[in-house]
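The values are calculated or read from the model by the stated rules, or taken from the named source; none is laboratory data. All of these numbers come straight from a predicted model, not from anything done at the bench. Here Cβ is always computed from backbone atoms with ideal geometry, including for glycine, and neighbour counts include all displayed protein chains. Keep in mind that these areas ignore ligands, DNA and RNA; they rest on the heavy atoms of the full protein, side chains included. Shrake-Rupley method; radii C 1.70, N 1.55, O 1.52, S 1.80 Å.
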Amino acid sequence: MGIWRLSKVGALAACALSLAAQTARPRFTDIAPKSRFSYVTRNGYDGDRKYFPQPLCGGIAVLDFDNDGHEDLYFTNGAKFPTLKKDAPFYNALYHNKGDGTFEDVTARAGLAGESLGYSLGAAAADFDNDGFTDLFVANAGPNTLYRNNGDGTFRDVSATAGLAKPSNTLSVQGAWIDFDRDGRLDLVLSNYTIWTAAADRRCIREDGVDFYCHPKTYPPVPHRLYRNLGGGKFEDVTDRTGFGKALGKGMGIGIADFNGDQWPDIFIANDTERNFLYMNRGDGTFEEQGLKMGVAYNDDAATVSAMGADARDYDNDGWPDIFYNNLAGQIWALFRNLGGRSFRYSSPTAGLVTLSSPFAGWSAGFIDYNNDGWRDLYSANGDVDSLRDTSEQHDTLFENVNGRRFIDVSRDVGEHFARRGYQRGHAFADLNNDGSLDIVVTALGKSPAILLNSVATGAHWLDLRLRGTKSNRDGIGARVKVTTAAGRMLHDWVSPSTGFLSSSTLRVHFGLGAESKVAEIEVRWPGGAVTRLKDQPADRVVTVRE
């Protein structure tokens, strides 16, 4: 009877909040105009010659690089082919969050412009050496880059000695941090796309003589890569030894979670026009690619699509991480429901995504509880692939999660940005003003980024967790977090900043609590196996949990 009463109270509270949210949805306001942004996402297209990677531009990494409690923003940029960046308009950029709603360009001071780099794509931030300062990895067309945070506001390029070299003609899209062997040091997984150099780029021209971007099938698939952190700033390429070298794909987004509940982190990689991969961690230093076996390799028609941004979170609150990725217009965005760690079910039709997603060309996507009701919603940054037209017909979308069963399009109700049309690309989530609501940062070709500040008007409560590992990696990446509310509702997440396309989001773990103002228990299962529990925690604050 007691359990029933708790469940009933939680259900009534959730129902009441859901009804309130329908009449008072949060709105997102673009605060980027308050700051002076010299950064513009430039892919190097000059109106004539088109190079294959040019649609892939505008990565974002969220990082508090100076440990002042405010999340900062790093942006990657393209290049003028066939040269390197060289010119300042193509530099990557670091913007310091001043805590007053504005951002300051500190790129030059930090040493992160990347003048000697080629075309930059994905960015991934984490503390790879456990020294207390967040470092930065950048994927490029050409050699990739690892920046070590010096702890004084500057970064040092340690790529030459880190051991992250790859074939120079491999186009890398995204990196993601993972402690796959649970030794307390963060390793790196890399989604590669194809073999490509500017000199060998294939030119595709329409009958009227206009360039267009070549179809992905023009280029061959390649293995993704895995690098093991040896400590001391050194990494070892373990691609072949771990089983990563067996499957050839065209990697885009990366989602990381423990999909089968065996306490070992697994890796999902969305592939463009190739089947998707699900690397299941065997716990012995190797992986088995089980995308087909687990039901996430294809959609229900056994077809491949242009899979783009990916995320792995628990959207239906059953304690198991699910998988989502978006793709191009006319294709259906894919939602795979985790069936207790045994397999996945393609749930796009039952969740309402067939109708909602088909008009949109999605690039970056992720789960975000935008209204703090305890259900993770879906955001997608959308834009046409090719810029043959003067204006794009695409706008970003926000699909609200209705009790873990279906999604509804609330894009028209949540702010002016969602009515703007353009060529959106990368995105990241973070609470930029520490008010307990997740904000969105998104890039668009030819524009400065949008910084969408979320104002939750529903009265919903929240809780953010900042993990600090000791035996485990300092960021707690790979930890499983369970929050039990006072009414008995259980919410789950897995610490991984890898979200969407070209980007990495906040390292904090965010929980919307709806009408509940107190948490009965926080449970953290660390990658190393230890368990930390905190009892009776008030809501609406950031809690630091130490291993």
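Annotations
- Efficiency of FRET between residue 86 and residue 288 - r from beta-carbon atoms, R0 41 angstrom, step 0.05: 0.40
- Percentage, to the nearest whole number, of Cα pairs in the stretch 160-220 over 20 Å apart: 48
- In Å², nearest 10: area of residue 490 left accessible to a 1.4 Å probe: 90
- Projected over every direction and averaged, the convex hull enclosing the alpha-carbon atoms of the stretch 470-547 yields 5.4 nm².
- Protection proxy ranking, highest mean first, for peptides 121-133, 332-344, 215-227: 121-133, 332-344, 215-227, where packing is the per-residue count of other beta-carbon atoms within 10 Å, averaged.
- Distance cut-off 35 Å, percentage of C-alpha pairs in the chain lying past it: 28
- Expressed as a whole percent, the proportion of Cα-Cα pairs in the stretch 277-404 lying more than 22 Å apart is 38%.
- Ranked order, 242, 355, 161, 532 - accessible area, probe 1.4 Å, largest first: 355, 161, 532, 242
- Per residue, the stretch 174-282 exposes 35 Å² of accessible surface when a 1.4 Å probe is rolled over the protein heavy atoms with every protein chain present.
- Residues residue 218 and residue 482, FRET efficiency given R0 of 51 Å [Cβ-Cβ distance, rounded to 0.05]: 0.65
- Spin-label model, residue 523 to residue 248: label points 7 Å out along the Cα-to-beta-carbon direction sit 4.5 nm apart.
- For a modelled paramagnetic label at residue 317, 7 Å from Cα along Cα-to-Cβ, the residues of the stretch 473-506 in reach, with backbone nitrogen under 17 Å, are 481-494.
- Reciprocal of mean inverse Cα separation for the stretch 141-190 (Kirkwood radius, Å): 12.5
- Based on the convex hull around the alpha carbon atoms, the stretch 336-430 presents an average projected area of 7.2 nm².
- Note that the stretch 195-324 shows a convex hull volume over its alpha carbon atoms of 159 Å³ per residue.
- Here the Debye sum runs over all C-alpha atoms of the stretch 102-144 as equal scatterers in vacuum, and log10 of I(q)/I(0) at q = 0.18, 0.29 Å⁻¹ comes out as -0.67, -1.08.
- Global form of the stretch 427-524, assessed from the alpha-carbon gyration tensor, a/c cut-off 1.5: oblate
- Reach of residue 217 by Cα under 17 Å, taken over aspartates and glutamates that are not fewer than 8 positions away in the same chain: 201, 272, 274, 386
- Percent breakdown of C-alpha pair distances by 5 Å bin, ordered from the shortest bin, for the stretch 41-117: 3, 16, 24, 21, 14, 11, 7, 3, 1
- The angle separating the long axis of helix 2-23 from the principal Cα axis of greatest extent in the chain is about 50 degrees.
- Judged by the mean number of other Cβ atoms found within 10 Å, the most tightly packed of the peptides 425-431, 257-263, 42-48 leads the ranking 425-431, 257-263, 42-48.
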